[in-house]
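First the structure, in the form of structure tokens, and then the observations on it.
The values are calculated or read from the model by the stated rules, or taken from the named source; none is laboratory data. The structure displayed is predicted, hence computed values, not measured ones. Backbone-built Cβ (ideal geometry, glycine too); neighbour counts: all protein chains shown. Side chains included, ligands, DNA and RNA excluded: accessible areas come from the protein's heavy atoms. Shrake-Rupley method; radii C 1.70, N 1.55, O 1.52, S 1.80 Å.
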Amino acid sequence: MTQSATLEVEGMTCASCAGRVERAVKAVPGVSGASVNLAMKTLHADFSGASDPSALATAIRKAGYDVGAADTALSIEGMTCASCVARIERALKAWPGVTGAEVNLATGGAVVHHMAGAVTPSELAAVVKRAGYDATPVHKSTTPVSARHDAEALRLRRALIGSAVLTLPVFVLAMGAHIIPGFHALIMRTIGMQADALIQFVLTTAVLLGPGRQFLTHGIPMLLRAAPDMNSLVALGASAAWGYSTVATFAPGLLPEGTANVYFEAAAVIVTLILLGRMLEARAKGRAGQAISRLVGLAPATAHTRRNGLLIDLPVEELRAGDLIEVRPGERIAADGIVEDGTSWVDRAMLTGEPAPVETGPGAEAIGGTVNGAGALVLRVTRTGDDATLARIIRMVADAQGGKLPIQALVDRVTLWFVPAVMAIAALTVAVWLVLGPAPTLGHALVAGVSVLIIACPCAMGLATPTSIMVGTGRGAELGLLFRKGDALQRLGAARVVAFDKTGTLTEGHPRLTELSVTKGFNLNDTLAMIAAIEARSEHPIARAILAEAEGRGLTLPEAAEVVAKPGFGITGTVAGRNVSVGAARMMTAAGIDLAPFAETADRLGAEGKTPILVAVDGQLAAILAVSDPVKATAAATIAALHAAGMRTALISGDTRPAAERIAAALGIDHVVAEVLPEGKVAAVEALRRDHGAVAFVGDGINDAPALAAADVGIAIGTGTDVAIETADLVLMSGDPAGVATALALSRAVMRNIRQNLGWAFGYNVLLVPIAAGVLYPLNGMLLSPMLAAGAMAASSVIVVSNALRLRGFGRQA
């Protein structure tokens, strides 16, 4: 059985780092695949057998990086002695990804140390439960991506301030003569050139060993491993400028005559500008990852819980299924549950992206994180922790943001050799200047070589794709579009035809029973009661219409047994000892039942756009009923928006051809496939792919799951069944088909943004590396300063991330 593991990786700064971590992890025995998301600093690895996070961590550390650590606190019940403590600690420490555990008998708690991302609090609680004790997570250990980037930005800001304070005097001493008239003469009259150089040496050394130390401690070890990264380029460039200047200051006789110039300002300004760029980049990446932070912030900290006859405020992490909680007017609902008492209007915008409140009363489902209106509610908790709807949404968004698009493969191939290639170009540049350059050749060679090292920027290439995915999927979540897989963004943008299921997708999914007739020998109400008893076990929208009719007539439903749903056909079961079948005409035909008594009625209903449903009892045709299902208000606008976007549309339905064609004609759908079973829907998807190209399929029911899986992109209506949602690549949480047009436009916008980022990242390096090497010098005497190179490099990553942030302004399309 395939398993996977996700870890947070520390120390990655560019696409070369990401590629190096991937290669190291893929070499671990048992790993079948690995992908790194540079923007989120995470690694996802698939194993052909049992997962082994420890082996991943070892490989990551050998590659020169580290694995993030996290702590999770558990509340444990049932411990009575030190043996219990030892047993729980052994169980926790043996779990993959756990690095340590301390259990406290007195407090009834445990703190588990583990690799960040390798395990969830719920998994750790389950480990303790398997050891024979009850355990509940006390708090979530995972930190939102934006919070991590904010912390990184704060650290970089402190380093930047220190570096800037030290660099400013160096810059003034070195460049003052070029800016301020008489400045050089002032220096000569006062401290003299040697003291000037000594001051610059002391301050620049402080910059390199203080704020700039991070580049040396990361870059030089990677260089010694023959695996240079972005830090290696900065370390080499700044050290070369500092080293040459140090020799010029203390041992000028070692240098050719006329070349003993100092370039301390280049080393100091390089470090300062790159720290500035990384701080701005971290801030921008923090804003890019705010979608998850906002989702996490929707969860209330406590719940008004009824326990032992008392109302107490309990941390939501300690809620259990079955607890009764009270929700006061205006509060966020603390957990998923079923309303036991009270009526209110609930704002589900966080779930659907739609601001319209929904009336909620006894028996209705309420979702944790949504906002209660003016009424008071009492809920019985149904899902908590990682199983809750909000937690699942956060997990879907995080998974999508961590995904790697196929377009990233090109970037990975380039960045694999980028840094070594830059170092080779820098070495060649120095050699060419030494051989062919004008005097002072050594000074010119140093400036050109350092500029090449500094201006090259693999960071921009590495961030081009993941930041756009992060912002795009986050914005999608705010609009009620949950991309379960990041690569669905690229696949949806490449789709050429969108195929829809009918019932519950383009129609309301709340059909109304409009006709019911029975054959001779059957009582209408008794037959309806038998039908309703069978349909009570079904999730199909038609079942709800039948149950509503039975309830409206005040019928008492008998017990049904041996109920079996047959997707594409209908449903069968036993009621009061009688075999009852409810379904389409093809189901009756397959069972050898004569349909002649209702042939004319079925044709008439189909022509009216209604869905005829036949009923057989003990192998005899007993009744025919019909339901009509109104089309969703936004369906026509959705089809029009897709046509405007250059897409073809299709309707694939198990309904009768007349009913399907009537809906298609009303909405302007191009192609109709009707009266098909689930496997027929798969065949229809494949036929559309052959004729038109990539296919997106939109559905909501169990019978749509095969087609959702077969399509290039499966899109599930969020109000549909769990099977459909789990099979899909994209979930429309509001149930509104207009989300399809919005998702398509978002996909295209994200891919356009990625292409812009990649165009900038590649174009920047292709254009500026040769300029830094001095190709323009023979034409106009231009030689790029290392300080300008550092500024350009710092700006390149910020431009990429800032461009991705523009996607936050994306709006609805239909």
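The table that follows gives values for the structure above.
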{"read-out": "Test item: Cα-centred dipole of the chain, Lys/Arg +1 and Asp/Glu -1 on Cβ, debye", "value": "2400"}
{"read-out": "Proximal charge balance of Ser163 [Cβ under 11 Å; K/R count +1, D/E count -1]", "value": "+3"}
{"read-out": "Charge tally in the Cβ shell below 11 Å around Pro558, where Lys, Arg are +1 and Asp, Glu are -1, Pro558 excluded", "value": "-1"}
{"read-out": "Positive-end residue of Pro329, Val67, Leu489, charge dipole of the chain with Cβ unit charges", "value": "Val67"}
{"read-out": "Global geometry of the chain, whether rounded, prolate or oblate, following the gyration tensor of its Cα atoms and the 1.5 cut on a/c", "value": "prolate"}
{"read-out": "At least 27 Å along the helix axis (C-alpha) and Kyte average at least 1.0, DSSP helices within the chain", "value": "408-436, 786-805"}
{"read-out": "Intensity falloff of the range 666-814 expressed as log10 I(q)/I(0), Debye formula with alpha-carbon point scatterers, at q = 0.12, 0.21 Å⁻¹", "value": "-0.68, -1.27"}
{"read-out": "Cβ-placed point charges (K, R +1; D, E -1), dipole of the range 515-634 about Cα centre in debye, nearest 20", "value": "140"}
{"read-out": "D (Stokes-Einstein, µm²/s), Kirkwood Cα radius, the range 495-559, 1.567 mPa s at 4 °C", "value": "97"}
{"read-out": "Mean accessible surface per residue for the chain, computed with a 1.4 Å probe while every protein chain stays in place, in Å²", "value": "41"}
{"read-out": "Student exercise, the range 465-565 dipole from Lys, Arg, Asp, Glu Cβ charges, in Debye to nearest 20", "value": "540"}
{"read-out": "Euclidean distance between Cα centres, the range 1-45 to the range 206-247, Å", "value": "25"}
{"read-out": "Given charges at Cβ of Lys, Arg, Asp, Glu: the chain dipole, positive-most of Leu275, Ala561, His671", "value": "Leu275"}
{"read-out": "Violating pairs (Cα-Cα greater than 30 angstrom) within the set Lys62/Lys93; Lys62/Lys129; Lys485/Lys610; Lys610/Lys681; Lys502/Lys566", "value": "Lys62/Lys129; Lys485/Lys610"}
{"read-out": "Residue (of Met751, Val138, Met530) at the positive-pole extreme of the chain, dipole from beta-carbon charges", "value": "Met751"}
{"read-out": "Antiparallel bridges, percent of DSSP beta bridges restricted to the range 602-747 (to nearest 5)", "value": "40"}
{"read-out": "log10 of Debye I(q)/I(0), alpha-carbon scatterers only, for the range 736-812 at 0.11, 0.13 Å⁻¹", "value": "-0.45, -0.55"}
{"read-out": "Fraction of accessible area attributable to carbon and sulfur, the chain (%, probe 1.4 Å)", "value": "59"}
{"read-out": "Rounded to whole Å, sorted largest first: equivalent-ellipsoid semi-axes of the range 142-263, Cα gyration tensor", "value": "33, 20, 10"}
{"read-out": "Relative intensity, log₁₀ I(q)/I(0), of the range 537-689 from a Debye sum that treats every alpha carbon as a point, q = 0.11, 0.14, 0.21 Å⁻¹", "value": "-0.51, -0.79, -1.44"}
